[in-house]
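Beneath this line is the structure, given in structure tokens, with notes to follow.
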Amino acid sequence: MSTIVAPSLFAADFLNLERDIDMLNRSEADWIHLDVMDGVFVPNLSFGFALTGLLRKVTQKPLDTHLMIVQPEKFIDEVAATGSTFMNVHYEACPHLHRVVQQIRQKGMKPAVTLNPHTPVCVLEEILPELDMVLLMSVNPGFGGQQFIESSLEKVARLKEMIVRRDLSTLIEVDGGVNLETGKKLVEAGANVLVAGSYVFNADDPLRAIQALKAL
Ligand code: DX5
Ligand code: ZN
């Protein structure tokens, strides 16, 4: 399976959003990654459903919504209404994670669980068979353009081992500081999906940057 590439819209030029979405539509990007931040779970705000709800009108690419918010279960209906394929909730934000995962699936979306850099993959031992994807943060969430945390590579390998041992097909997605160099190492360690914000949108040629990530 070739590497799935999900550019993060958070790094787009918000004053030229239509232009940037058009670029993504013409690109080899597989999905569009949407970073929703609440200023509580993470020390930043991004955008909300007023914006994400409009995206379906301008793109057919699957949407991958990453909720960096407390109590994400309050917004399952809103995320479903955007037509999002994946709904990513943080392990650290959900004391009743099993219930939230079931609710996401009942609404017709694919449940994914996100881990902050300090959270070990072993906490997924029980929930793993219920998930379509695990998102490993390779920076502390809240901001784009941060430096990749190298120990994420071992974490990807440990998660891959858990998935293979149980004969599951759970996707491994990685988010934060992804570029060609870190992306290559991540794919070698077992990552299936690369989220990239600044690497794509700060590139002189974003279409080629996406193409290069796809080829990893
Ligand atoms: C971080 C977000 C990321 C971020 C990635 O809180 O979840 O998706 O926008 O940005 P880069 O690729 O610049 O690290
Ligand atoms: Zn993200």
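Worth pointing out:
- Taking the helices alone, the chain has a mean residue ellipticity at 222 nm of -8500 deg cm²/dmol, built from -39,500 (n - 2.57) per DSSP H run of at least 4 residues and averaged over all its residues.
- The mean accessible area for residues of the chain, using a 1.4 Å probe and ignoring ligands and nucleic acids, is 46 Å² per residue.
- Shape call, the range 152-200: gyration tensor on alpha carbons, a/c limit 1.5: prolate
- Sulfur and carbon atoms: percent of accessible area, the chain [1.4 Å]: 52 percent
- Between the exposed loop cleavage positions of the chain, defined as trypsin sites (Lys or Arg not before Pro) in a non-H, G, I, E, B DSSP state with at most 16 neighbouring beta-carbon atoms within 10 angstrom, the longest gap is 1-106.
- Build a GNM of the chain with springs between Cα atoms under 10 Å apart, and of Asp77, Asp132, Asp20 the one that fluctuates most is Asp77.
- Lys-Lys pairs in the range 4-214 that are eight or more residues apart or on separate chains and whose Cα atoms lie under 20 Å of each other come to 13.
- log10 of Debye I(q)/I(0), alpha-carbon scatterers only, for the range 81-138 at 0.20, 0.27 Å⁻¹: -0.68, -1.18
- Looking at the range 131-216, the GluC sites (Glu not before Pro) that sit in a DSSP loop and have at most 16 other Cβ atoms within 10 Å of their own Cβ are Glu150.
- Using only side-chain charges placed at the Cβ, +1 for Lys and Arg and -1 for Asp and Glu, the dipole size of the chain relative to its Cα centre rounds to 360 debye.
- Euclidean distance between Cα centres, the range 79-124 to the range 40-76, Å: 13 Å
- Comparing His118, His33, His66 in a Gaussian network model of the chain, where Cα atoms under 10 Å apart are tied by springs, the biggest mean-square fluctuation is seen for His118.
- The chain: radius of gyration over Cα atoms, expressed as a fraction of 2.2 N^0.38 Å: 0.93
- Per the Debye calculation on the range 1-79 with a single equal scatterer at every Cα and no solvent contribution, log₁₀ I(q)/I(0) for q = 0.11, 0.14, 0.22 Å⁻¹ amounts to -0.30, -0.48, -1.08.
The values are calculated or read from the model by the stated rules, or taken from the named source; none is laboratory data. These numbers come from a predicted model, not from an experiment. FYI the Cβ positions are ideal-geometry reconstructions off the backbone, even for glycines, and counts take in every protein chain you see. Each accessible area value is taken on the protein alone, full model and side chains, heavy atoms only, with ligands, DNA and RNA left out. Shrake-Rupley method; radii C 1.70, N 1.55, O 1.52, S 1.80 Å.
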